[in-house]
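J.: Please find one structure pasted underneath; my questions will follow.
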Amino acid sequence: MSRLEAAIAAGADLAVGSRVLRADGVSRRVRTHRLLSGHVFNFLVRRLGVVGVVDTQCGFKLFRGEVAAALFPRLATDGFGFDVELLLLAQRRGYRVAEVPVNWADQPGSKVGVLRDGPRMLREVLAARRRLARLPGGGRT
């Protein structure tokens, strides 16, 4: 949490944790298939418009209060793809997003299934991108 707080203190509007970024003192234990599927998903997400964030699906996120109040009411995605919609909206509104490395240990019994949830998440991201594109100013208001 201290890395996320430091990013906010340094001027970010929202800070997102990354299981991909490396740093001294940061540990990561992840099963290979989840690592590879995460890389593929995030590669696609970057091609669909999220810029400068290599791990959109990490659950560690910290917001300035006013930023959270501005973004969350505008989200339409209620599945696992909501993280991407949130980042797309934040970037389109000009918020500063910082990504910081976090310690991560893959948990057995995760609720996200790569084959079961991956295609649905991609559909959610595509739908969010279309929704934002139809908003006045592309969601920048």
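J.: Looking only at the stretch 84-104, count how many residues are in contact with a helix residue (DSSP H, G or I) (Cβ under 6 Å, 6 or more places away or on another chain) and among the charged types (D, E, K, R).
T.: 2
J.: Being assigned to a loop (DSSP other than H, G, I, E, B), modelled with pLDDT of 90 or more and within 20 Å of residue 14 (Cα to Cα), is that true of even one residue in the stretch 80-93?
T.: Among the residues of the stretch 80-93, at least one is assigned to a loop (DSSP other than H, G, I, E, B), modelled with pLDDT of 90 or more and within 20 Å of residue 14 (Cα to Cα), which makes the answer yes.
J.: Shifting gears a bit: Within the stretch 94-138, can you find the residues that are at pLDDT below 70 and either in a loop (DSSP other than H, G, I, E, B) or over 17 Å from the mean Cα position of the chain (by Cα) (or both)?
T.: Correct list: 105, 106, 107, 108, 109, 110, 111, 112, 113, 115, 137, 138.
J.: Something else about it: So which helices (runs of 4 or more DSSP H) stay within the stretch 1-79 end to end and still have 1 or more residues that are at pLDDT below 85?
T.: In the stretch 1-79, the matching helices (runs of 4 or more DSSP H) lie at 32-47.
J.: Among the residues of the stretch 60-106, which ones are open to solvent by less than 60 Å² (accessible area, probe 1.4 Å) and farther than 28 Å from residue 136 by Cβ?
T.: 62, 99, 100, 101, 102, 105, 106, listed by residue number.
J.: Taking the stretch 43-56, which residues are surrounded by fewer than 17 Cβ atoms within 10 Å (Cβ to Cβ) and either more than 21 Å from residue 127 (Cα to Cα) or touching an Asp or Glu at 6+ places or on another chain (Cβ under 9 Å) (or both)?
T.: Once the filter is applied, which keeps residues that are surrounded by fewer than 17 Cβ atoms within 10 Å (Cβ to Cβ) and either more than 21 Å from residue 127 (Cα to Cα) or touching an Asp or Glu at 6+ places or on another chain (Cβ under 9 Å) (or both), the stretch 43-56 yields only 52.
The values are calculated or read from the model by the stated rules, or taken from the named source; none is laboratory data. Just so we're clear, the structure is a prediction, and the values are computed from it rather than from any experiment. Cβ atoms come from the backbone with ideal geometry, glycine included; neighbour counts cover every protein chain shown. When the accessible area is computed, the model is the full protein with side chains, heavy atoms only, and any ligands, DNA or RNA have been set aside. Shrake-Rupley method; radii C 1.70, N 1.55, O 1.52, S 1.80 Å.
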